[in-house]
Amino acid sequence: MSPSSTDTIDATRHARRRRVIDALLLAALRCAAGVSAAVVLVIAWFVAAEAWPGLRDVGVTRLLTDDAWRPTAGRYGMAPMLIGTLAATFGAVLLTAPLGVGSAVFLRFYAPRRVASVYRRVVELLAGVPSVVFGLWGIAVLAPLIATVSPLGQGQSLLAGVLILTMMTLPTVALTTDAAIAAVPADTRRGAAALGLSRRAIAWRVVIPAARAGIVTGVILQTGRALGETMAVLMVCGNIVQTPHSVFDPVRTLTANIALEMGYADDRHRAVLFVSGLVLMLLVAGLVLIAEAIDRRRVHVT
Amino acid sequence: MSHTPTTRTMTPGKPGAMSRAATLDVAAALFAWGCAAIVTAAFAWLLIDVAWRGVGGLSWSFLVDEPSDAGRAGGVGPVVLSTLLILAVCMAVSVPLGLGAAALLAEFTRGDTRFARLVRRSLDVLAGVPSIVFGLFGNAFFCLALGMGYSILSGGLTLACMVLPILIRVTEQGMRDVPDAQRHAAAALGLSRTTTLLRVTLPAAMPALAVGLVLGVGRALAETAALIFTSGYVTRTPASLLDSGRSLSVHIYDLAMNVPGGETHASAAALLLIAVLLAINLLTNWITRRTHPGWH
């Protein structure tokens, strides 16, 4: 056999081995991606399976209409906690949206360069503070402060929850708005400036409307985060199961309820807690999908 | 003249219109500065307050001693150990998975295949799942269905599910940022795709991988709700991964909520946690600044 033909054989053998290795690698990567994608389905499946006895034996109607939450006595009225969750979330979003957008406008339109870079770092750091630390601060500082103005004389309340959730969601709304503003074409801004518009008009009449999709997406995703937040809310809301009539009333959210009762719940009680987990998961998944639909680009949850 | 109305509002001849615009301008500026002031003040208040309350409790013996009197006295030694073990389990599982998924999304699914879209959408939803739901799932799946009980292993695996999305997203972006010219050069040299990935793309994307890793660690360290019902409450020094162990964040929660008089030690533990997270944040920033000078 001539040397050149061994070379060819070697080369083909080499090429074949390379193809096999590439195919193996691709299979391994597909597995990794498949498993990663399947996690959320496994979670949904297990939470739903554990919740099923609750849905079957108690039913949605009773969960919403039972007159009290006494799971050990067979009364499963969750409506007050659902209202508590929604009230805390709604309040937080109401505060966080203007403050977050305002922060981003400050960053992009008003702050001198130095100040902007420092402020951006502050916001990034604030975004990384663990919820349990917010809770700790809420108990130690915020609640006593609210207690001094509350007609009920106690600070752990819906208001405390709203304020803590605002602090927790604000940094990310500010950062996503900042990113959305950065994504507005520079020409839009230049055009507005060339028209002689004031800084306010450029910011609020031109750039913010152009960045609307990104901003709304950020706010929706943070709404989901507020809905699902547990520790801080658990620590500052007072955890009394009741429908709040004022912001000073203590409330218990669905998440706090799970954290408080999972430790000793069994049978139907446990299943009902999983039902509330399932509800939270579906609400948040719905919000994520809505956000995706609004913002066709990839969604970034932080 | 046809455009007199427009010019008129811009000339100082109409003081009414002009002053209204000026007032609005001032109000808008005040609003922007006000937002920034509120956020900065809140942040400073929180940090200074926790530091102030906690700094007295921090010491070397606090870091290594066993907690006593339900955490009111002693230290957080075993808690720190449990935290590190939970973190190790979490990363050992999530990093290979995340890296693989990211490599597939960035390197092998150019354009949008249905599979890639499905994976991305699942990860987006996963990223939004509330942490307490991860806790429910971990309890039902790892603790009960797989029989691991309340253990560091259960907690770590639950957290692994939780940090996957952020890990994958950052890593994928990092790989996408590697210029195609490098891949073309590798292909021209006759390198296989495996070699290209391992020897060209991964090393080039290393800073992004580091950032993803560090962000994942930060997320895992900050987590509480997912751990209470998976890795549990026990403060003893864990003898194996199948022992229950309390993470630092759970320790803070327990001291603040369930232990009257535990506040000083809760603040000290919180200060420790914040210090570690701050260090992580600075590290991330340093890495991105070094590799992407234009980003800041």
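Tabulated values for the structure
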read-out	value
Identity of the residue in region A:73-93, in contact with a strand residue (DSSP E or B) (Cβ under 8 Å, 6 or more places away or on another chain) and not in a helix (DSSP H, G or I), that ends up nearest to A:GLU124 (Cα to Cα)	A:MET78
Matching residues, region B:188-234, being surrounded by fewer than 20 Cβ atoms within 10 Å (Cβ to Cβ), within 9 Å of chain A (Cβ to nearest Cβ) and of a type in the set (Val, Ile, Thr)	B:THR194, B:THR195
Hits in region B:134-152 - residues which are of a type in the set (A, V, I, L, M, F, W, C) and crowded, with 19+ Cβ neighbours inside 10 Å	B:PHE134, B:LEU136, B:PHE137, B:ALA140, B:PHE141, B:PHE142, B:CYS143, B:MET148, B:ILE152
Filter pass, A:THR96 being in the same structural domain as A:LEU227 (by TED's automatic domain parsing), among the polar types (S, T, N, Q), surrounded by 15 or more Cβ atoms within 10 Å (Cβ to Cβ) and part of a helix (DSSP H, G or I)	yes
Answer residue from region B:235-279, given it is in contact with a Ser or Thr (Cβ under 7 Å, 6 or more places away or on another chain) and away from chain A (no Cβ under 13 Å) and is farthest from B:GLY155 (Cα to Cα) among those	B:PRO238
Helices (runs of 4 or more DSSP H) enclosed by region A:203-283 - at least 2 residues per element that are within 8 Å of chain B (Cβ to nearest Cβ) and in contact (Cβ under 8 Å) with a residue 60 or more places away in the chain	A:212-228, A:231-236
Enumeration of residues in region A:13-67 that are without any contact (Cβ under 8 Å) to a residue 12 or more places away in the chain, under 29 Å from the mean Cα position of the chain (by Cα) and away from every other protein chain (no Cβ under 12 Å)	A:GLY59, A:VAL60, A:THR61
Test: residue in region A:181-188 that is within 18 Å of A:THR96 (Cα to Cα), in the same structural domain as A:THR255 (by TED's automatic domain parsing) and not polar (S, T, N, Q)	yes
Filtered residue count, region B:97-144, keeping only those that are more than 8 Å from chain A (Cβ to nearest Cβ), under 16 Å from A:MET262 (Cβ atoms) and small (Gly, Ala, Ser)	1
Flag if A:VAL184 is outside any helix (DSSP H, G or I) and β-branched (Val, Ile, Thr)	yes
Subset of region B:244-288 (residues that are surrounded by fewer than 22 Cβ atoms within 10 Å (Cβ to Cβ), small (Gly, Ala, Ser) and under 24 Å from A:VAL122 (Cα atoms))	B:ALA275, B:ALA279
Which numbered condition B:THR171 misses (of (1) over 30 Å from B:GLU107 (Cβ atoms); (2) among the β-branched types (Val, Ile, Thr); (3) modelled with pLDDT of 90 or more)	(1)
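The values are calculated or read from the model by the stated rules, or taken from the named source; none is laboratory data. Bear in mind that the values here come from a model prediction, so they are computed numbers and not experimental data. Reconstructed Cβ throughout: ideal geometry from the backbone, glycine too, with neighbour counts over all protein chains shown.
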